[in-house]
Amino acid sequence: KLFGVSDKTRKAMDRVSREGLSLSLYAKSIMKEVVTMGRVGILVDRTEDGASEPYFTSYLAENILSWNTFKKEILALEKAGLLREIVDNSATMVPSNGTASLLAGSGSLSPALIANYRILRLDGNGKYVQEFYETGLDQHGNPVTPNSPTKTIIPKLNGAPLDNIPFVILGPDGPTAG
(Lines give C-alpha, C1' and ligand atoms only; values in the text may rest on other atoms or scores of the structure.)
Protein backbone atom coordinates (compact mmCIF):
# COMPACT_ATOMS: atom_id res chain seq x y z
CA LYS A 1 0.00 0.00 0.00
CA LEU A 2 1.28 3.42 -0.93
CA PHE A 3 1.00 6.30 1.48
CA GLY A 4 0.78 9.96 0.54
CA VAL A 5 -0.42 9.22 -2.99
CA SER A 6 -3.54 10.94 -4.32
CA ASP A 7 -6.50 8.90 -5.52
CA LYS A 8 -5.92 10.20 -9.05
CA THR A 9 -2.30 8.97 -9.02
CA ARG A 10 -3.28 5.66 -7.45
CA LYS A 11 -5.90 5.15 -10.20
CA ALA A 12 -3.32 5.98 -12.91
CA MET A 13 -0.98 3.35 -11.44
CA ASP A 14 -3.64 0.69 -12.02
CA ARG A 15 -3.03 0.93 -15.79
CA VAL A 16 0.41 2.09 -16.92
CA SER A 17 0.82 0.17 -20.19
CA ARG A 18 -1.19 -0.04 -23.38
CA GLU A 19 -1.92 -3.66 -22.43
CA GLY A 20 -3.47 -2.50 -19.14
CA LEU A 21 -0.81 -3.72 -16.71
CA SER A 22 -0.65 -2.18 -13.25
CA LEU A 23 2.57 -0.45 -12.20
CA SER A 24 3.45 -3.44 -10.00
CA LEU A 25 3.02 -6.02 -12.80
CA TYR A 26 4.77 -3.76 -15.31
CA ALA A 27 7.77 -3.34 -12.99
CA LYS A 28 7.97 -7.13 -12.57
CA SER A 29 7.97 -7.65 -16.34
CA ILE A 30 10.70 -5.01 -16.77
CA MET A 31 12.87 -6.55 -14.08
CA LYS A 32 12.46 -10.01 -15.61
CA GLU A 33 13.73 -8.65 -18.93
CA VAL A 34 16.68 -6.86 -17.29
CA VAL A 35 17.67 -10.06 -15.46
CA THR A 36 17.36 -12.32 -18.53
CA MET A 37 18.60 -10.00 -21.31
CA GLY A 38 20.60 -7.33 -19.50
CA ARG A 39 18.53 -4.33 -20.54
CA VAL A 40 15.14 -3.10 -21.68
CA GLY A 41 13.91 0.19 -23.10
CA ILE A 42 10.85 2.10 -21.89
CA LEU A 43 9.14 4.76 -23.98
CA VAL A 44 6.45 7.03 -22.54
CA ASP A 45 3.94 7.06 -25.37
CA ARG A 46 0.41 8.20 -26.14
CA THR A 47 -2.14 7.67 -28.87
CA GLU A 48 -1.54 9.79 -31.97
CA ASP A 49 -4.53 12.04 -31.28
CA GLY A 50 -3.39 12.65 -27.68
CA ALA A 51 -6.76 11.58 -26.31
CA SER A 52 -5.41 8.79 -24.10
CA GLU A 53 -3.42 9.07 -20.93
CA PRO A 54 0.31 8.50 -21.46
CA TYR A 55 1.45 4.90 -21.06
CA PHE A 56 4.68 2.89 -21.00
CA THR A 57 5.79 0.87 -24.02
CA SER A 58 8.60 -1.66 -23.49
CA TYR A 59 11.28 -2.47 -26.05
CA LEU A 60 13.22 -5.70 -25.67
CA ALA A 61 16.99 -5.38 -25.98
CA GLU A 62 17.01 -6.97 -29.44
CA ASN A 63 14.52 -4.34 -30.70
CA ILE A 64 16.66 -1.35 -29.70
CA LEU A 65 18.63 -1.23 -32.93
CA SER A 66 20.52 2.03 -32.56
CA TRP A 67 20.84 4.73 -29.93
CA ASN A 68 22.76 8.04 -29.72
CA THR A 69 23.09 10.17 -26.62
CA PHE A 70 24.68 13.40 -25.51
CA LYS A 71 25.85 14.51 -22.08
CA LYS A 72 24.22 17.41 -20.26
CA GLU A 73 25.74 18.02 -16.86
CA ILE A 74 25.88 14.54 -15.29
CA LEU A 75 22.92 13.09 -17.22
CA ALA A 76 23.07 11.16 -20.46
CA LEU A 77 20.14 12.35 -22.57
CA GLU A 78 18.79 10.65 -25.67
CA LYS A 79 19.36 12.34 -29.02
CA ALA A 80 18.09 9.71 -31.47
CA GLY A 81 17.07 6.07 -31.58
CA LEU A 82 15.91 3.36 -33.96
CA LEU A 83 13.40 0.88 -32.55
CA ARG A 84 11.89 -2.22 -34.14
CA GLU A 85 8.25 -3.09 -33.46
CA ILE A 86 7.03 -6.58 -34.31
CA VAL A 87 3.37 -6.51 -35.33
CA ASP A 88 0.86 -9.21 -36.21
CA ASN A 89 -0.02 -8.92 -39.89
CA SER A 90 -2.31 -11.96 -40.02
CA ALA A 91 -5.49 -9.86 -40.16
CA THR A 92 -4.43 -8.44 -43.54
CA MET A 93 -3.55 -11.82 -45.05
CA VAL A 94 -6.56 -13.04 -46.99
CA PRO A 95 -5.78 -15.33 -49.93
CA SER A 96 -7.61 -15.03 -53.21
CA ASN A 97 -9.84 -18.00 -52.31
CA GLY A 98 -11.12 -16.06 -49.25
CA THR A 99 -10.11 -18.58 -46.59
CA ALA A 100 -8.04 -17.51 -43.61
CA SER A 101 -4.61 -19.05 -43.92
CA LEU A 102 -0.94 -18.18 -43.69
CA LEU A 103 -0.81 -18.64 -47.45
CA ALA A 104 -1.50 -15.44 -49.32
CA GLY A 105 -1.70 -14.64 -52.99
CA SER A 106 -0.70 -17.34 -55.46
CA GLY A 107 0.91 -19.90 -53.20
CA SER A 108 3.51 -17.63 -51.58
CA LEU A 109 3.96 -17.66 -47.83
CA SER A 110 3.35 -14.26 -46.18
CA PRO A 111 4.72 -13.82 -42.69
CA ALA A 112 2.13 -13.31 -39.96
CA LEU A 113 4.62 -11.18 -38.01
CA ILE A 114 6.33 -8.24 -39.68
CA ALA A 115 8.78 -5.60 -38.48
CA ASN A 116 7.92 -1.92 -38.43
CA TYR A 117 10.45 0.70 -37.40
CA ARG A 118 10.19 3.84 -35.30
CA ILE A 119 12.84 6.55 -35.26
CA LEU A 120 12.84 8.80 -32.22
CA ARG A 121 14.89 11.97 -32.72
CA LEU A 122 15.32 15.63 -31.92
CA ASP A 123 14.86 17.83 -34.98
CA GLY A 124 16.97 20.86 -35.93
CA ASN A 125 15.02 22.98 -33.42
CA GLY A 126 15.57 20.50 -30.59
CA LYS A 127 11.96 19.22 -30.70
CA TYR A 128 11.03 15.54 -30.34
CA VAL A 129 9.84 13.83 -33.54
CA GLN A 130 8.73 10.24 -34.21
CA GLU A 131 9.05 8.81 -37.72
CA PHE A 132 7.31 5.54 -38.56
CA TYR A 133 8.38 3.12 -41.28
CA GLU A 134 5.48 0.69 -41.65
CA THR A 135 6.20 -2.49 -43.57
CA GLY A 136 3.77 -3.39 -46.34
CA LEU A 137 3.44 -6.37 -48.63
CA ASP A 138 4.35 -6.41 -52.31
CA GLN A 139 2.21 -8.08 -54.99
CA HIS A 140 3.74 -11.47 -54.07
CA GLY A 141 3.06 -11.11 -50.35
CA ASN A 142 6.67 -10.34 -49.41
CA PRO A 143 7.35 -7.69 -46.75
CA VAL A 144 8.64 -4.35 -48.04
CA THR A 145 9.92 -1.58 -45.75
CA PRO A 146 9.71 1.92 -47.25
CA ASN A 147 12.75 4.20 -47.65
CA SER A 148 10.92 7.23 -46.27
CA PRO A 149 8.58 7.57 -43.28
CA THR A 150 4.99 6.46 -43.75
CA LYS A 151 3.99 8.72 -40.86
CA THR A 152 5.63 11.49 -38.83
CA ILE A 153 4.36 12.63 -35.43
CA ILE A 154 5.44 15.53 -33.24
CA PRO A 155 4.36 14.49 -29.71
CA LYS A 156 3.10 17.33 -27.52
CA LEU A 157 2.52 18.00 -23.85
CA ASN A 158 -0.15 20.59 -23.08
CA GLY A 159 -0.06 21.65 -26.75
CA ALA A 160 3.71 22.26 -26.89
CA PRO A 161 6.27 19.98 -28.60
CA LEU A 162 8.58 18.08 -26.24
CA ASP A 163 12.24 19.06 -26.09
CA ASN A 164 13.44 15.63 -24.97
CA ILE A 165 12.86 12.02 -25.93
CA PRO A 166 10.86 10.22 -23.21
CA PHE A 167 12.81 6.98 -23.51
CA VAL A 168 15.16 5.28 -21.06
CA ILE A 169 17.18 2.10 -21.23
CA LEU A 170 17.26 0.17 -17.95
CA GLY A 171 20.13 -2.18 -17.21
CA PRO A 172 21.39 -4.04 -14.15
CA ASP A 173 23.11 -0.86 -12.88
CA GLY A 174 20.01 1.32 -13.34
CA PRO A 175 19.07 3.70 -16.13
CA THR A 176 21.62 4.09 -18.87
CA ALA A 177 21.75 5.95 -22.11
CA GLY A 178 22.18 2.85 -24.20
Residues with amide H under 5 Å of Gly50's amide H, sequence separation 5 or more or different chain, H placed in the peptide plane at 1.01 Å from N; which? none
Accessible surface, the range 107-164, averaged per residue in Å² (probe 1.4 Å): 58
Determine the alpha carbon to alpha carbon distance for each of Lys11/Lys79; Lys127/Lys151; Lys79/Lys151; Lys11/Lys151; Lys8/Lys28; Lys28/Lys156 and list only those over 25 Å. Lys11/Lys79; Lys11/Lys151; Lys28/Lys156
Loop chymotrypsin sites (Phe, Trp or Tyr not before Pro), the range 1-63 (other Cβ atoms within 10 Å of the site Cβ: 13 or fewer; DSSP): Phe3
Once amide hydrogens are built 1.01 Å from N within the peptide plane, the residues lying 5 or more places from Asn164 or on another chain with amide H under 5 Å from its amide H are Tyr128
Taking a probe of 1.4 angstrom, what is the accessible area of Val35 in Å², to the nearest 10? 120
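The values are calculated or read from the model by the stated rules, or taken from the named source; none is laboratory data. Computed from a predicted structure; not experimentally measured. Heads up, the Cβs are rebuilt from the backbone with ideal geometry, glycines too, and the neighbour counts pull from every protein chain shown. Calculation scope for accessible area: heavy atoms of the full protein, side chains included, ligands and nucleic acids excluded. Shrake-Rupley method; radii C 1.70, N 1.55, O 1.52, S 1.80 Å.
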